[in-house]
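See structure below.
The values are calculated or read from the model by the stated rules, or taken from the named source; none is laboratory data. Because the structure is predicted, anything quoted here is derived from the model rather than measured. Cβ atoms come from the backbone with ideal geometry, glycine included; neighbour counts cover every protein chain shown. In case anyone asks, the SASA skips ligands and DNA or RNA and just uses the protein heavy atoms, side chains included. Shrake-Rupley method; radii C 1.70, N 1.55, O 1.52, S 1.80 Å.
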Amino acid sequence: MVRILLQQVRRDRLTLPIWIAGTVLLLTVAAQAVVSEYGDAEGRAGILSVALATPALLALRGIPNGDSLGSAVHFQSFAFLAVTIGLMNVFLATRHGRADEQSGRRELVQATPVSRLAPPLATLVLGLIANGLFAVLATGGYLSAGLDAGGAILSAVALALLGLAFLGVTMIAGELTATSRAANGAGVVLVLGAYALRAAGDALGRADIPNLTLEPAWPSFVSPIGWGQHTMAFTVDDWAPVGWIAALAAVSIVVALVVHARRELGASLLPE
């Protein structure tokens, strides 16, 4: 498995660093932009009051929780960062999964004396490394904007686990579908669907403008991205939703590995 992992790392020596560095840069710029654009507490309160009165802004951004700088950063950036890290993992899972089977590379690997589960396990390890590195760099990005360490770690870990959850569900999609295009399409739809559910829940939620808080509607609670938002990083710092995301990641990865162990190489559970 180690040699397969090294081969996957070599193939992704440019792609993954670009994804990780680009997302961390986006996070850092967004956090620092909030510091300059939202102004002091009074200015942030005015902007967030307008956002809470505008469902379209809530759908695009997320959930504020008070007039603190951390609340504005979480509101402004978490949802679209979750989409970015989700897409990175969707393409990672397909590139080393269904795409390898479609091109014949997986068949060549399986012709050697390796375990049937070695390739997907190598992909899983690569995903753990990539998302772990992202979490470390993302924490540094938040800290560079002057945010507190507890919220920075929580937000970065939640984003990294969301990446692993989408890695797992896309691995399942790769077992079900016959082509890499279909697997990528299914993964992208799942990421955007999670964002859409969160957007609908936030837009339909009940706003408390005097306290600058929002109680989302039920769609937000069935979205992994919505779970990540409910950590309320930098304000409440609730770690409970992180457990829900971790459970989704673990279950989806186990299901993908079980199906892969039973599926014939090159076959799919759904017709092309």
(request) From (1) open to solvent by 20 Å² or more (accessible area, probe 1.4 Å); (2) closer than 23 Å to VAL258 by Cα; (3) touching a residue at least 12 places away in the same chain (Cβ under 8 Å), pick out the condition that doesn't hold for GLY185. (result) (3)
(message) Given the condition under 20 Å from ALA160 (Cα atoms) and either open to solvent by 20 Å² or more (accessible area, probe 1.4 Å) or under 19 Å from the mean Cα position of the chain (by Cα) (or both), answer yes or no: does some residue in the stretch 35-50 qualify?
(response) no
(request) Just give me the residues in the stretch 92-107 being without any contact (Cβ under 8 Å) to a residue 24 or more places away in the chain, out of contact with any Pro (no Cβ under 8 Å at 6 or more places or on another chain) and among the charged types (D, E, K, R), in sequence order. (result) ARG105
(message) Taking the condition of being closer than 30 Å to VAL259 by Cβ and open to solvent by 10 Å² or more (accessible area, probe 1.4 Å), how many residues in the stretch 127-159 meet it?
(response) 6
(message) I need a count of the residues in the stretch 242-267 that are open to solvent by 40 Å² or more (accessible area, probe 1.4 Å), in contact (Cβ under 8 Å) with a residue 12 or more places away in the chain and not in a helix (DSSP H, G or I).
(response) 2
(request) Being within 18 Å of TRP227 (Cβ to Cβ) and either open to solvent by less than 50 Å² (accessible area, probe 1.4 Å) or free of Cβ contacts under 8 Å to residues at least 12 places away in the same chain (or both) is the filter here, so list the residues in the stretch 51-70 that pass it. (result) LEU58, ALA59, GLY62, ILE63, PRO64, ASN65
(message) Quick check on the stretch 1-34: of everything there that is among the hydroxyl-bearing types (Ser, Thr, Tyr) and surrounded by 15 or more Cβ atoms within 10 Å (Cβ to Cβ), which residue is farthest from THR213 (Cα to Cα)?
(response) THR23
